[in-house]
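All remarks here apply to the structure that follows.
The values are calculated or read from the model by the stated rules, or taken from the named source; none is laboratory data. Small disclaimer: the values here were computed from a predicted structure and weren't measured. Heads up, the Cβs are rebuilt from the backbone with ideal geometry, glycines too, and the neighbour counts pull from every protein chain shown. Side chains are part of the model used for accessible areas, which takes the heavy atoms of the whole protein and leaves out ligands, DNA and RNA. Shrake-Rupley method; radii C 1.70, N 1.55, O 1.52, S 1.80 Å.
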Amino acid sequence: MSAINYVIGIDYGTASVRSVIVDANNGNELASSEFTYPRWKEGKFCDLSKNQFRQHPLDYIEGLEYTVKSAVHQVSDEVRKNIRAISIDTTGSTPIAVNEAGVPLALLPEFKENPNAMFFLWKDHTSIKEANEINQHAKKFEIDYLKYVGGIYSSEWFWAKLLNVLRTDENLRSSIYSWVEHCDWMPFLLTGKADISEMKRSVCSAGHKALWSEEFGGLPPQTFFSSLDPLLDHFVERLYENTYTADTSAGQLSAEWTERLGLTEDVKVGVGAMDAHMGAVGGEIEPFYLSKVMGTSTCDMLAIPKDQAGNILVEGICGQVDGSVIPGMIGMEAGQSAFGDIYEWFQRVVTWPIKNYLDQNPSEPSEEVLKNIMDTALVEMSKAAEKLTWNEKSELSLDWLNGRRTPDANQLLKGAIQGLHLGSNAPQIFRSLVEGTCFGAKRIIERFVENKIPIKGIIGIGGVAHKSPFIMQMMADILEIPIKIHKSEQTCALGASMFAATVAGLYPDVREAMKQMGQGFQKEYTPNKERIQIYRKRYEMYKEFCDFVDK
């Protein structure tokens, strides 16, 4: 390989997008840039009371152009001229309605302020009813079309969201031609395609979120969906038969985007994938090591060699798909619907009086004061919580504040706290919330182990893994497994760059790219043996609490 090869990895997260320029020879990061979605920051098109979370495609387009151009301006002209490929990861399932040309309806004048024409963010739970109907409907068929998504379809996924928008918006229903994932639309945009039939769909999102399987010959048949609701008639034929792994090229960067980004004409664009899947690669996942992407939610990824996977079907997870993490391996996904979101929620609760006071007294230096308080609230509570004596009578929390993703998806469930008393203070409640999220992580591991899938170790990546030693140590104590923290703070973007290097032909496969471009690990948390027994007892209490609330 030539010594002069660079790639761009782009990571679309829940609140912002990050782009990195990486040396394809060794994975060193030369430049990076981040862009917070302005409309999302303003709370546009969202309604928390309805669990409605939508994002405008302009947030994504503006973020793409800003971050790539900003990163390019940080490097030399020689580096810019030798950028070979771009690959992108996004949240998922985050789909949007498009016309036959593949243009999101939100970009058309008549729909520019319509939330139903926006991207339905992964954590949008407005389609719980439709997901339940899909689960009941699937029982009528001899073929189990839910077998590769853990047996339970979720309101966070592709078909439930499509059916919901068709039922609730007549104007949009008459204009929608197809339904596409964010990770599929971005490469389509960058390659300048203008016909939806030319869009290369990712096996990652198709298999985990849309019921695509090679065993079924693609998606379930049209009759499966039209018999559920006639509004879904004709959609299968407007979608896709074939899917592609992320080491495949989606095409060349278009002339328009070559100019807009300041790159050369021979840049390749890779097929997209979901963030946690590329993040697992960036975090140097190994077979049977659980890669935990810990941010607003968690995504837990496993990669299992096909010859060792056998006929295992794990119930209650977010699917198992050939090639969704590493081409040639079975990728398994699980996770929690809320993780960092729970800590941020509690932070908002305890700081509300201060924010309210400052809002009512504009003469105070409100922005600076509030920022300082918000920046330190969780840090200070963590310090206090770490010093607490913990026993079987201490407060106990469930981590279902945004429903339950896995095991056994149920978005109707709510969080709960027991053992509260007049002496309960903020650090005690915060500690119980952290403990609850760690117990939720343990239930996921138990589900894999029950299905004879060994977990050899944990790889921690994402914001929480880097920012909170308190949470990570408790996680290791509760899971009773060492946790290695990956060195890169942009692990998903780094994983995207590894796929980009493979797409450019610089490596024969992504495993070799991962080997050469990996950044290694910065820290390992090992279980504290003195705490294991109390956590074992409290975990049994947690499971009893789960059963009570679930029923």
Helix runs (DSSP H) in the chain reaching 27 Å along axis by Cα, Kyte-Doolittle at least -1.0: 340-360, 366-386, 426-450
18 Å cut-off, amide nitrogen to a point 7 angstrom out along LYS456 Cα→Cβ, residues in region 293-320: 301-310
Identified option (computed volume of the Cα convex hull per residue in Å³; candidates [x] 199; [y] 154; [z] 278): [y]
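Which length gain, in nm to one decimal place, applies between LYS387 and LYS414 when the Cα-Cα distance is subtracted from 0.36 nm times their residue separation?
Extra length from LYS387 to LYS414 when fully extended: 6.8 nm.
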DSSP-defined antiparallel bridges as percent of all bridges, the chain, nearest 5: 70 percent
Candidate residues GLU392, GLU241: accessible-area rank, largest first, probe 1.4 Å: GLU241, GLU392
Total formal charge among the other residues, if their Cβ is under 10 angstrom from that of ASN402, Lys/Arg +1 and Asp/Glu -1: +1
Label-point separation in nm, ALA15 to GLU530, each point 7 Å along Cα→Cβ: 3.5 nm
Heavy-atom accessible surface of the chain: percent carbon and sulfur, 1.4 Å: 48 percent
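How far, in nm, would the chain grow between LYS69 and ASN135 when pulled straight, counting 0.36 nm per residue and subtracting the alpha carbon separation? Intermediate values should be presented prior to the final figure.
Values: separation 66, 0.36 × 66 = 23.76 nm, distance 4.48 nm.
So the chain would gain 19.3 nm between LYS69 and ASN135.
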Local net charge near ASP11, Cβ-Cβ under 13 Å (Lys/Arg +1, Asp/Glu -1): -4
Amide proton proximity set for ARG404, modelled H, under 5 Å, gap of 5+: ASN410, GLN411, LEU412, LEU413
Förster radius 51 Å - calculated FRET efficiency between VAL369 and ASP233, Cβ distance, rounded to 0.05: 0.35
Difference of contour (0.36 nm per residue) and Cα-Cα distance, GLU446 to SER49: 139.7 nm
Sequence-distant lysines (8 or more away, or on other chains) whose Cα lies within less than 23 Å of LYS487: LYS292, LYS456, LYS467, LYS515, LYS523
Surrounding net charge for LEU48, when Lys and Arg each add one and Asp and Glu each subtract one, Cβ distance under 15 Å: +2
